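Values quoted throughout were computed directly from the atomic coordinates according to the rules given, and no laboratory measurement underlies them. Predicted model, so just to flag it, every value in this text is computed and none were measured. Note that we place each Cβ from the backbone using ideal geometry, even for glycine, and neighbour counts take in every protein chain shown.
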């Protein structure tokens, strides 16, 4: 207990903890917002690129876009002179369109000074293909207006039908976002706090205080105390973040004069009632309202509880292993070689997270989210999509078994490791420590 | 009465034996020296007493009762590999360590402040350990060992790493604690410190106990009635019970001679014989130092 308290207090009291705790929820959205902002700005104000077009066919009329200005060269110009002239300019590219058969279009060439990106190439190709398709259609005497009406844009509204038959607006995007964010957060937390455990153990070992302490406690107690102490730091941090984010989002919503709509409100709106929205122009925006409805539908409590469970479970699992590594080495440099096998399942699960998010119901996702080493991340990825209760229970039970097991294994290595100084450690030695009696 | 009795302690690590059948009795209110060359098994024995590791076989009794967790409270341990949390403040650290040894927070605060004052560290109470000089950190370490008023204090190589000033200070504190009723176990391979401090000693070599007893008895056992004398004028033949071991000429008629008295002859008889032959300048019995005994024992053991 005392160890837990010391770990907790000594970390929480640090100024860096305070700063990290308070600033992170501010910085993260700020960074993301900033990136989006700059991206948008970039899109808007990006230097327009000049593209010279030598169109010998005369079919194409490319309209200037936000990114490109098309400069048409006289059709009589030869390609060679055009190229020489292009080289002398600052322009981005020279596109040469030869005379071509509509049925067999070829010979299109794009000359540029730098390698154009794939998206740029695709953009041009797409443009040409589109144009040629239109031209072909025109041959069948289809009017331009008919062509225009062929272009449709739809948005697919997806609805989950629950077992009791109630319809729930589901959003693959929201589930994806939640899964990705939660999985990634757990990954980061395990890494950060796991590394802290390891650092702490190495510090105790290298500052040689450990022998004094184990003369009063069982090494297992010290290790568990350390792991739990740091876990409580992590939990505190997360709870503060959740609270801060909640307060901030409410604040922002209040700022925009929107209250979190209750289901009745939404029904009112979806029934087309405009009455209540008179004083709230934003509520007129159906897309926004749909987004808000989805946001309101997210079972926050369920998510937060399972997030905390998987964070604690996954952390205990890996934290114990990190502690064992810390006990085996004399310095953090040496720790690298033992870190590797521990980080592999972590990295594997973060990589497969993408797959899990794409196929949350697949067998592969199921196994990943049940095996304790990968379950914290994989299950958080699936949870937004809705997971059968028995799977969740199985995964949680296995995780508990898993961390009990790793703590036991780590404890056996730890108790020997912390008192060994300067011995060369490899996996064989670790196995021997593990087998050693007290 | 013995505060600690170890009986038939065995401990082996994977390949080598660290302790084989070691038994020691440590009388209460004594300073007990646990001697032996590096790697003899001293630290292993101490770790067993501290319940850091368990013996393969054998029992340890503290005040006649088998070693158990509640004994942690009455033991103070200063390991050879010692250190403190560098980032923690002196005061907090002492309170934490005191609480680990079973003090309440209030007691820990009070005791640590007393000691801090006694050893002149008061201005450093709120400083981090990493800002302290090495000597001061050592004092803090020592306080953490004794602040909970343990009845049994175990010091593993206490003077290694201490500067002479602090070593003396600690020595005085140890004596004072002994006088107050504490028992101190000293583990060391440096014999000079034992010579001055210890009442009892035990020697361990190559995992086995090779000698133990009170310092006086051991010295008694190892003296061999040899006398060193310096004198002016040569010594002629002596009676048959006196055997001249060494003779050295110091110049200008001065000599140094070592004479062994055989068959229990008293030094007075030797003096009687000498006085008539030469002018004595000094006469002293050669008493073996613990160091000599130690070396003789260890080397003897190696030759066997």
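Listing for the model above:
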quantity	calculated
As computed over the stretch A:69-147, the Cα convex hull volume per residue (Å³)	125 Å³
Residue B:118 versus residue A:79: modelled label distance in nm, points set 7 Å from Cα along the beta carbon direction	9.9 nm
Residue B:38 paired with residue B:295, simple spin-label distance in nm, labels 7 Å along Cα-to-beta-carbon	1.8 nm
Least to most buried among B:1, A:317 (fewest other Cβ within 10 Å first)	B:1, A:317
Helical contribution to [θ] at 222 nm, DSSP H n ≥ 4, -39,500 (n - 2.57), averaged over chain B, rounded to 500	-10000 deg cm²/dmol
Sequence-separation-based contact order of the stretch B:3-66, relative, with Cα cut under 8 Å and 6+ spacing, percent	46 percent
Difference of contour (0.36 nm per residue) and Cα-Cα distance, residue B:86 to residue B:239	48.2 nm
Largest to smallest principal axis extent of the C-alpha atoms in the stretch B:174-267, angstrom	54, 29, 27
Simple spin-label estimate for residue B:275 and residue A:50 in nanometres, 7 Å along Cα-Cβ	12.8 nm
Computed E for residue A:142/residue A:111 - FRET, C-beta separation, R0 41 angstrom, nearest 0.05	0.75
Theoretical FRET efficiency, 1/(1+(r/R0)^6), r = Cβ-Cβ of residue B:192 and residue B:69, R0 60 Å, to 0.05	0.95
For chain B, built as a Gaussian network whose Cα springs stay under 10 Å, the top-fluctuating residue of B:29, B:114, B:141	B:114
For chain B, convex hull of alpha carbons as volume per residue, Å³	181 Å³
Ratio of Rg to Rh over the stretch B:84-228 (Cα coordinates, Kirkwood Rh, two decimals)	1.06
Taking A:347, B:249 and counting other C-beta atoms within 10 Å, the order from fewest to most	B:249, A:347
Percent antiparallel among DSSP beta bridges (both partners in chain B, rounded to 5)	70 percent
Antiparallel %, DSSP beta bridges [both residues in the stretch B:67-193], to 5	10 percent
Cα point-scatterer Debye curve for the stretch B:98-170, base-10 log of I(q)/I(0) at q = 0.15, 0.16, 0.17 Å⁻¹	-0.52, -0.59, -0.67
Values of log10 I(q)/I(0), in the order q = 0.10, 0.15, 0.18 Å⁻¹, for the stretch B:9-152 under a Debye, Cα-only, solvent-free model	-0.42, -0.85, -1.07
Of all DSSP beta bridges in the stretch B:144-249, antiparallel share, percent nearest 5	55 percent
Sequence of B:124, A:241, A:408 once ranked by neighbouring C-beta atoms within 10 Å, starting from the fewest	A:408, A:241, B:124
Debye log10 I(q)/I(0) for the stretch A:328-438, one point scatterer per Cα, at q = 0.16, 0.21, 0.23 Å⁻¹	-0.79, -1.03, -1.15
Chain B: most fluctuating residue of B:264, B:91, B:39 per GNM, C-alpha cutoff 10 Å	B:264
For chain B, built as a Gaussian network whose Cα springs stay under 10 Å, the top-fluctuating residue of B:250, B:67, B:177	B:250
Centroid-to-centroid separation of the stretch B:9-73 and the stretch B:99-148 [C-alpha atoms, Å]	28 Å
Computed lengthening from residue A:101 to residue A:57, 0.36 nm per intervening residue step minus Cα-Cα distance	14.9 nm
Estimated FRET transfer efficiency when R0 is 45 angstrom, pair residue A:243-residue A:428 (beta carbons, to 0.05)	0.40
